[in-house]
Amino acid sequence: MAEPILKVSDINVYYGSIHAIKGVSFEVYEGEVVTLIGANGAGKSTTLNTISGLLHPSSGGISFFGEDLLRVPPHKIVERGLAQVPEGRRIFLHMTVKENLEMGAYTREARGASGVGEDIEKVYGLFPRLKERKRQQAGTLSGGEQQMLAMGRALMSRPKLLMLDEPSMGLAPILVEQIFDIIGDLHRGGATILLVEQNARMALSVASRGYVLETGKVVTTGTGEELLASPAIKKAYLGG
Ligand SMILES: Nc1ncnc2c1ncn2[C@@H]1O[C@H](COP(=O)(O)OP(=O)(O)OP(=O)(O)O)[C@@H](O)[C@H]1O
Ligand SMILES: [Mg+2]
């Protein structure tokens with residue numbers, strides 16, 4: 001089997017004396033949608049923030065395309081092709097939709113990539129709502145539209161791995177479905193995605209594989225289908 005794109009090996013992460021991540025290991029292979037599911041406080045965001053270089057593990061390793069990511073600053077990690085859509089989205093509220101998308105291309109321009117205009121059109125193809133609102137201030141978009149913009153902006157960096165932290169948070173069911181449909185479309189288009197979710201049912205239904213986190217540890221892993229069918233997962237995460 002090919003080497004994984006992302007390999008997280010036995011990482012431990014502390015916030016002061018709080019041991020938030022306890023020996024977590026997992027892999028993401030090219031073209032997979034891998035999901036980390038778990039309850040509030042299980043350590044999902046901490047794991048993503050450690051991969052993107054915002055937090056530092058006290059031990060363990062993280063490699064991306066075979067290269068060590070530890071001690072690489074966050075902006076260099078983005079340049080290497082790893083884009084994160086953080087929890088709570090963090091778009092530029094005072095810029096327009098189009099300006100936010102252009103900002104997303106910034107790191108790839110540093111790599112000399114062109115075709116920004118074409119990629120903006122691709123993002124508009126995925127999210128027609130954004131096209132209709134391209135001159136609107138991002139801060140006046142609805143929550144769901146802001147989530148779409150955050151995803152669109154991350155795609156503008158042409159990531160080799162896209163990490164999404166709870167893209168469905170706070171959205172009405174119809175928008176949750178739209179966001180997961182788009183994740184499915186991106187998957188079929190060949191994208192590699194690491195998806196963190198509390199909405200286990202939706203996440204597992206789009207995922208190639210999943211890992212279940214409980215209080216900082218991976219307790220179960222399997223394909224999306226296996227986990228959806230597991231009685232223990234049904235009971236704990238899918239409402240019985
Ligand atoms: N800055 C911080 N300082 C201290 N403890 C923190 C900090 N951030 C997170 N924690 C703790 O680390 C643990 C894991 O938090 P994390 O945010 O990774 O959980 P999560 O799985 O993303 O939860 P949620 O689904 O609620 O977003 C929690 O117990 C949390 O209280
Ligand atoms: Mg979180």
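Before moving on, here are some points about what is shown:
- The criterion of at least 1 residues that are crowded, with 21+ Cβ neighbours inside 10 Å and away from ligand 1 (no atom under 16 Å from the Cβ) is met by the following strands (runs of 3 or more DSSP E) wholly inside region 128-240: 161-165, 193-197.
- The residues of region 75-98 that are part of a helix (DSSP H, G or I) and surrounded by 15 or more Cβ atoms within 10 Å (Cβ to Cβ), listed by number, are Ile77, Val78, Glu79, Val97, Lys98.
- Evaluation of Ser25 against the conditions (1) at pLDDT 95 or above; (2) within 15 Å of Arg153 (Cα to Cα) shows that the sole unmet condition is (2).
- Qualifying residue in region 16-33 (condition: in contact with a helix residue (DSSP H, G or I) (Cβ under 9 Å, 6 or more places away or on another chain), within 29 Å of Gly143 (Cβ to Cβ) and within 13 Å of ligand 2 (Cβ to nearest atom)): yes
- Among residues of region 99-127 being of a type in the set (Phe, Trp, Tyr) and either at pLDDT below 95 or more than 20 Å from Asp181 (Cβ to Cβ) (or both), the one that is surrounded by the most Cβ atoms within 10 Å (Cβ to Cβ) is Phe127.
- Any hit, region 53-70, residues being on the phi < 0 side of the Ramachandran plot, assigned to a loop (DSSP other than H, G, I, E, B), among the aliphatic types (A, V, I, L, M) and within 16 Å of ligand 2 (Cβ to nearest atom): yes
The values are calculated or read from the model by the stated rules, or taken from the named source; none is laboratory data. Values in this document were obtained by computation on a predicted structure and should not be read as measured data. Virtual Cβ from ideal backbone geometry, glycine too; neighbours counted across all protein chains shown.
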